[in-house]
Structure formats: structure tokens, C-alpha cells
Amino acid sequence: MMIRLWVLFLFLLPFLDCGIPSAHSGSLKSKIQNPKSGISRDEAVKLCAEANEKYLQAMKLIASKSIPEADQKLKEATDLYEAVLTGGFRNGQIYYNLGNTYYRRGELGKAIVNYRRAERLMPRNADINANLRLAKGSTKDKELSTEIPAVIKRIFFWLFFLNRNELSLVAISLYVVLMAILFFSTIRRHAGMKKLSIGFASILFVVIVSFGIKIYLEQGVNYGVIVTSECEVRYGPGEEYEPKFEIHNGAECVIEDEKDDWYRVYVKVGVKRGAGSETGVGEKASREVRRGWLQKKYVDLI
């Protein structure tokens, strides 16, 4: 009897309080509302519609060679998308549209930042991946070859092609099924039930570990993108330190530490140092070559 009650408790546990934040991609119905903002869902939808219209008007103006007017429309669209995001709505499509707007304005760094944010919420979206490659191909700095092979992504598809909320939903579903199997196995013992429960428990373990990895990659590691035309990475956190190398708009980096108004970063691109010497993809130099300090104002966090 006690075993049955214990299994029933485990079965009901996910429904008591799963503690998972409700952030989904897709439609504006899935959102995180900022308690400091008075913007409503209807206002957000209206602002997005206006921003989309401004963007389409800009595309027509670009086609007719009316560049100054197009730039003004793009700026207005940018302000509207930013207002929605500032209002508390975290939505992959909005980040994607904002990335497109910044790309059209020639601000590659801000475009890449928003494509990356959209990618986290909509990891299987082919348009995001294509536009991200296009934007990164337009940057001045040559990125190091760190792309994960496609075969690895396909083998571990649940980690690369599901976002955090989808992974959490899979984990909860597997947990419920596992608890149901354990519950019925206490009522009616069957040889196959044990093997089935072991199988589901193993899959659940893999999903939970993957969920932890996903959280670590998105929250435990801080990624940033350079959003100014060029900036100097220095040997220390201050302008009194000598410049080590330069990086340019759109270069991605990992934030390793911070001090006052400075970030210690590891950049993901080849860098020039000294008198024209260049660190290439195949160079065996220390990782310290691409590590240094830069001012926070030059970086936008993903």
C-alpha cells in the first residue's frame, strides 16, 4: 500500500509546480510579461503590425532607389520592434524581424545578436539559419571553424533542434509516462513492465541531462557580439593598457569575466597582432592570443 501511495505522489508531482518559466516561440500568445511594463498583448500585436508595415514600405522604397526615405522607415520599424521587446514580449519571430531590419540598415552586429536570440527560440527555422549565415558572411573578421558537424547535430537532434521549453515538455511527458508505468506495475505485475520502465527511465535521464546542458549553454555561458564598427581589445581592463588587437562589427565572443565597464572576452575570429602577424585557423598558438579586455558599450549580449 505504501509503495502505491509513493508512486501516486511521484505521478502527481509534476502537476503541483513544475517551476519552468513560460517562454515559447511562435505566436504572440506565448510571452513573458514584464511586470514593470504596462504594454498589453493587443498593444504588442498592434505595434508588430505597424513595424511589419514600415518594413514592407522600406523594401518598396529601396526597390525604387529612395534610400533616405527607406532608412527612415527602417528606423521606425526598429523602434517599434524594440518597443515590443522592451514591453516584456520574448518572441522568436520578433527577434527575427528585428534582425532583418538591422541587417537592412547595415548594422551587422545588432542583426547577428537578434538572429541568435531568435535561433534559441526557433532552432529549426531555416530562414533564421540562412540569414544568420548571410550576415556573418558580410562581417570583416574571419570566423574560426567551430561549427558542429551536421552528423553530430542529427544524432543528438533533441539537443540542437529543440528549444528549452520543448525539451522541458518532453521531459515532463516522459516522466508522466514513466510514473504511469510504475503505477500500473504495482497493480498488475508483468515481466515486460520492468523492461519498459527501465527504457523510459533511460530516455528520461538523457533528456534531463540534455536539458541541463541547454540551460548551461544559454545561461551559464555569456555570448556577445560586437555592435560597433571596430574596437580595440586591450591587455587589461582600462584605457591605460596597450591595445592587443582589433575586432569589428559582427564578431562574436564569449564573455569570461567583467570588471567595472570592461569585459574579458575570448573572440571567435582570427585576429591580427603585432606587426601584421595574423592568427589563422590552423595556427597552433595559445588561446590567449584571442583573449583580452574591451569596453562593455561595444558588446551586445545574446
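Its Cα centre serving as origin, the stretch 112-221 has a Cβ charge dipole (Lys and Arg +1, Asp and Glu -1) of approximately 280 debye. Cross-link pairs exceeding 26 Å between alpha carbons, from the set Lys65/Lys110; Lys65/Lys297; Lys153/Lys195; Lys268/Lys296; Lys75/Lys297: Lys65/Lys297; Lys153/Lys195.
With a cut-off of 9 Å between beta carbons, the residues surrounding Glu76 carry a summed charge of +1, where Lys and Arg count +1 and Asp and Glu -1.
Other residues with beta-carbon under 15 Å from the beta-carbon of Ile215 carry, at +1 per Lys or Arg and -1 per Asp or Glu, a net charge of +1. In the full protein context, the stretch 67-130 carries 38 Å² of accessible surface per residue, based on a 1.4 Å probe and ignoring ligands, DNA and RNA.
Rolling a 1.4 Å probe over the protein heavy atoms gives the stretch 221-263 an accessible area of 51 Å² per residue. Here the label points at Ser229 and Ile152, each 7 Å from Cα along the C-beta direction, are separated by 3.8 nm in the simple model.
Other residues whose C-beta falls under 10 angstrom from the C-beta of Tyr298 contribute a net charge of -1, scoring Lys and Arg +1 and Asp and Glu -1.
The values are calculated or read from the model by the stated rules, or taken from the named source; none is laboratory data. Predicted model, so just to flag it, every value in this text is computed and none were measured. Cβ coordinates were reconstructed from backbone atoms using ideal geometry, including for glycine residues, and neighbour counts include every protein chain displayed. Calculation scope for accessible area: heavy atoms of the full protein, side chains included, ligands and nucleic acids excluded. Shrake-Rupley method; radii C 1.70, N 1.55, O 1.52, S 1.80 Å.
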